[in-house]
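Novice: This is the structure I have questions about; it appears just below.
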Amino acid sequence: MTADIIDGKAFAAKVRGQVGEHVAKLKAEHGITPGLAVVLVGEDPASQVYVRSKGKMTVEVGMTSVERKLPADTSEEALLAVVNELNQAPEIHGILVQLPLPEHIDAELVINAIDPAKDVDGFHISNVGLLGTGQKSMVPCTPLGCLMMLRDYHGSLSGMDAVVLGRSNIVGKPMAQLLLGDSCTVTIAHSRTKNLPEVVRRADIVVAAVGRPCMVPGDWIKPGATVIDVGINRVEKPEGGTRLVGDVDFDSCAEVAGAITPVPGGVGPMTIACLLANTLTACCRANGLPEPEGLTA
Ligand code: GUN
């Protein structure tokens, strides 16, 4: 069997199109423009690339983009003051503080200082608790993107066996909560899991988010299963130079799986699309307007 390829790049473009249409309607009917603020501390090159890309796509869907770039030696107190100012700003509906933060800053303290209603990353402890208890929350962007792709491919996920590889707060744990919310039977596997190949072989849905290049071989995959690869790992090519690979071995998994996301072009593009969707959702909630359909958990 050769797996269907789930094209995250195309799906993300569709999601951004839907967000853009909704934004145009908000402007025309209510005179409201959603605003997203991204805060970047320091000059981490990867973070600069992400932030630039976020800003560009925010403007493309018709939202206001605010970038607050602060020097690497910014004090925790000064950063908290910026977060507080953005919390108070009525034209800002979403706030994202780019991670990682410099070591002298307590990232948890800063994240938990964001107004939970504006926490478009879904990292605030209130949003984590709301998601865990099945209440309306802001949902982390990468797992939300994975869920959207799974729902689009399968329709209902009810009763499916799902294995999430990785237990991070950003992907693994919220992903498991979302799959549980869609009535999957969920296993979270990690580096200490016994008989990992057997555990993964039970899964109708595998979400790999461990950050280890090509860790999952095709013979761990149940024939016909859907494989969502969250990994983005840069590896050396034998002939020189580098390339991006996921956490699953694409070629051998694609022989066995029913559907699989490629790297690049799978989950990656969905993350920013979901950030825009979350900003739109936050804006609608802030204004007491109906939430966009199909763009939330
Ligand atoms: N750094 C890398 N990815 C992310 C993300 O999704 N959110 C934030 N805040 N920082 C990041």
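No value in this document is a laboratory result; all are computed from the given coordinates. These figures come from a predicted structure and were not determined experimentally. Counting neighbours? That spans all protein chains shown, and the Cβs are built from the backbone with ideal geometry, glycine included.
Novice: Pull the list of the chain cysteines that no other Cys approaches to under 4.7 Å, Cβ to Cβ.
Specialist: That list is Cys146, Cys184, Cys214, Cys253, Cys283, Cys284.
Novice: Ok, one more. Quick one: putting +1 on the C-beta of Lys and Arg, -1 on the C-beta of Asp and Glu, what dipole do you get for the chain around its Cα centre, in Debye to the nearest 20?
Specialist: In debye, rounded to 20, the chain gives about 380.
Novice: Continuing with this model, one more query. Could you state the principal axis extents of the C-alpha atoms in the stretch 249-297, from the largest down, to the nearest angstrom?
Specialist: 49, 18, 9
Novice: What's log10 of I(q)/I(0) for the chain at q = 0.08 Å⁻¹, Debye sum over Cα points only, no solvent?
Specialist: -0.35
Novice: Another question, if that's okay. Expressed in nm to one decimal, what extension gain is obtained for the pair Leu109 and Lys194 from 0.36 nm per residue of sequence separation less their Cα-Cα distance? Can you show the working numbers first?
Specialist: Details: separation 85, 0.36 × 85 = 30.60 nm, distance 3.48 nm.
So the extension gain works out to 27.1 nm.
Novice: I would also like to ask the following. Against the empirical 2.2 N^0.38 Å scaling, what ratio does the C-alpha Rg of the stretch 123-199 come to?
Specialist: Normalised by 2.2 N^0.38 Å, the Cα Rg of the stretch 123-199 equals 1.09.
Novice: In addition: From the cross-link list Lys14/Lys56; Lys54/Lys118; Lys25/Lys136; Lys14/Lys173; Lys194/Lys222, which pairs have alpha carbons spaced over 20 Å apart?
Specialist: Lys25/Lys136; Lys14/Lys173
Novice: Straight distance only, please: which aspartates and glutamates reach the Cα of Lys27 with their own Cα at less than 14 Å, same-chain residues fewer than 8 apart left out?
Specialist: Glu91
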